[in-house]
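Only one structure is covered here, and it is reproduced in the block below.
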Amino acid sequence: MNIAIVGAGLMGRLLALSLLRDNKLRDKKLDHTKSENITITLFDKDNKLAHNSAAYAAAGLLTPLGESLHCEPNIVEMGFKSLRLWPTLLDSLDEETFFQQTGAIMVSHEQDKGDYQRVIRHLKNNYPEQSLQTLDRQGLLALEPEIGRNFNQGLYLPQEGQIGNRRLLSALRKQLEKESEGTEKTNTLHWLSECEVLEIDTMELMSTVTYLHGGEKKSHDFELVIDCRGTGASHKNSQSHCATLSDLRSVRGEIFQLFAPDVHISRPIRLMHPRYQLYIAPKEKGVYVVGATEIESDDTSPITVRSAMELLSAAYSVHPGFAEANIRQHVSQCRPAFSDNQPKIIVQNSLIQVNGLFRHGFLIAPVVLEQSLAVITNYINNTNITLPHTDLLPVTVMKSDSNNRLSDGLSKDLSKGLSDDSSNNLSNNSSHSAESHSANNSDEKFNKQQGKESLHEHSY
């Protein structure tokens, strides 16, 4: 069976490795007519370093409660489930990555104390079963001595964590390269990097992918295409006959990578801020990631002066040692998001699209992976096995329009579960009914700003 994966960011790599390893994906008892072996073609517009992916321009925070004020409850629950799944995923890789689960701390300056109290009320009212600890100065000094010098109070969330996003992308690349070598593998992988997909022609049992690679235009047929392009699947960034998603938008995010050997912070710190969800994520060997802006824009030009001043002054206000830090890198990139900021798995004939992870990519990736693999298995075997995360991540099945492209019906809310056009390949899942937090009404719309970074090799 031939499967195409379009997009080699975080989800594309996780799915490619899972499919490459899964020798039992096709049930021979259900279908004797097709080969059990799977050939995977991974289409990658970037090179294998993934410097232009949203996953590269991230901090890898695994902080479901820290995100909860600005997202739906299902995202929080997916985050907690993913925290339990990440260690097993990472243990399956040969290269060591960075994973930490020693909690996170929220702090605020006196002028933002109202926002800090609002977060505490929100967590106590909506997540009373979750552990949290309010800290006075002595409590802060016990956990983070260099933070306790500047703040009188804080909130400790012991179950939060973080992951080394760039090291993970590198480890996944090396694992894919290693496991695709040799002739004894049941499944095989072909990775086409620096390859632009021009068209995805979707039919019921077969899809045709037209692409440009090495200056040559080619077309290949696949029994299944899995689209993980992120913002590349939007109307603006994709050609009209390339399975565009009309409701997909870009949200710009900017981060700094700092080298601050005189700063000693051991866990992620979130700072209450009236405009952004600001954080300082300590990595290894004196490296810190400071982010992130959240701007409604698809511009990826270099970071603006305003954003730079806000992020760096925030870091300095948390710890004066950042005044002498070296700026190793500043990165701007766009995250894919639907109008409801919910991730979606969308099925149209022989096309499965996984998109819209927004700012929660690493937070929820393992759950999205499990749900996607279950959808793929159901499709391949023409079964109706219950999906593992129906209550958290419903699946939508779309019909083709006359041009074999996704219907513009995606502009409506699809978070209710499977549409009326559901096929036999997926279970008829119950609807997702999570309500928005009242605090979400306070989210701001940000002015468009500009940014893109010439990326260099930095791992954390």
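Each row is one residue, and each column tells you yes or no for (1) in the same structural domain as PRO282 (by TED's automatic domain parsing); (2) at pLDDT 95 or above; (3) not in a loop (DSSP other than H, G, I, E, B).
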site	(1), (2), (3)
LEU17	no, yes, yes
HIS32	no, no, no
SER35	no, no, no
LEU42	no, yes, yes
LYS48	no, yes, no
VAL76	no, yes, yes
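Looking only at residues in region 103-126 that are farther than 16 Å from GLN277 by Cα and among the charged types (D, E, K, R), the one that is surrounded by the fewest Cβ atoms within 10 Å (Cβ to Cβ) is GLU110.
Could you tell me whether ILE265 is of a type outside the set (Phe, Trp, Tyr), modelled with pLDDT of 95 or more, touching a strand residue (DSSP E or B) at 6+ places or on another chain (Cβ under 6 Å) and buried (at least 22 other Cβ atoms within 10 Å of the Cβ)? The answer is no for ILE265. If the condition is being aliphatic (A, V, I, L, M) and farther than 17 Å from SER207 by Cβ, then region 343-382 contributes LEU357, LEU363, ILE364, ALA365, VAL367, VAL368, LEU369, LEU373, ALA374.
Pairs meeting the criteria (first residue in region 362-390 and closer than 15 Å to LEU62 by Cβ, second residue of a type in the set (Gly, Ala, Ser) and surrounded by fewer than 20 Cβ atoms within 10 Å (Cβ to Cβ), beta carbons under 7 Å, at least 6 apart or on different chains) are LEU369/SER18. Consider region 19-30 and keep the residues that are over 24 Å from the mean Cα position of the chain (by Cα) and of a type in the set (A, V, I, L, M). The one that is modelled with the highest pLDDT is LEU25.
So that you can scan it fast, the table gives a plain yes or no per residue for (1) out of contact with any Ser or Thr (no Cβ under 9 Å at 6 or more places or on another chain); (2) without any contact (Cβ under 8 Å) to a residue 60 or more places away in the chain; (3) assigned to a helix (DSSP H, G or I); (4) among the acidic types (Asp, Glu):
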| residue | (1), (2), (3), (4) |
| --- | --- |
| GLU67 | yes, no, yes, yes |
| PRO87 | yes, yes, yes, no |
| LEU93 | yes, no, no, no |
| MET106 | yes, no, no, no |
| ASP112 | yes, no, yes, yes |
| ASN125 | yes, yes, yes, no |
| ALA142 | yes, yes, yes, no |
| GLU146 | yes, no, yes, yes |
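Say whether the condition of being in contact (Cβ under 8 Å) with a residue 12 or more places away in the chain, in the same structural domain as HIS109 (by TED's automatic domain parsing) and part of a strand (DSSP E or B) is met by at least one residue in region 310-326. Within region 310-326, one or more residues are in contact (Cβ under 8 Å) with a residue 12 or more places away in the chain, in the same structural domain as HIS109 (by TED's automatic domain parsing) and part of a strand (DSSP E or B). With respect to GLY164, is the statement that it is at pLDDT below 95 and either more than 20 Å from the chain's Cα centre (by Cα) or closer than 30 Å to SER92 by Cβ (or both) true? The answer is no for GLY164.
The set of residues from region 170-223 being polar (S, T, N, Q), crowded, with 16+ Cβ neighbours inside 10 Å and either touching a residue at least 40 places away in the same chain (Cβ under 8 Å) or touching a Gly at 6+ places or on another chain (Cβ under 9 Å) (or both) comprises SER170, GLN175, SER180, ASN187, THR188, SER193, THR202, SER207. Filtered by the rule that a residue be at positive phi and polar (S, T, N, Q), region 203-223 gives no residues.
Just one of the listed residues (LEU157, LEU89, LEU143, LEU132) is within 20 Å of the chain's Cα centre (by Cα) and surrounded by 17 or more Cβ atoms within 10 Å (Cβ to Cβ), and it is LEU89.
Within region 327-344, the set of residues being of a type in the set (Ser, Thr, Tyr) and assigned to a loop (DSSP other than H, G, I, E, B) comprises just one member, SER339. Number of residues in region 302-314 that are hydroxyl-bearing (Ser, Thr, Tyr) and farther than 23 Å from ASN341 by Cα: the value is 2.
Regarding VAL347, is this residue part of a helix (DSSP H, G or I), in the same structural domain as ARG21 (by TED's automatic domain parsing) and buried (at least 23 other Cβ atoms within 10 Å of the Cβ)?
Working: part of a helix (DSSP H, G or I): no; in the same structural domain as ARG21 (by TED's automatic domain parsing): yes; buried (at least 23 other Cβ atoms within 10 Å of the Cβ): yes.
Answer is no for this residue.
Being more than 18 Å from MET106 (Cα to Cα) and touching a helix residue (DSSP H, G or I) at 6+ places or on another chain (Cβ under 8 Å) holds for only one residue in GLU254, GLU216, and it is GLU254.
The values are calculated or read from the model by the stated rules, or taken from the named source; none is laboratory data. These numbers come from a predicted model, not from an experiment. In this analysis, Cβ positions are derived from the backbone assuming ideal geometry, glycine residues included, and neighbour counts consider all displayed protein chains.
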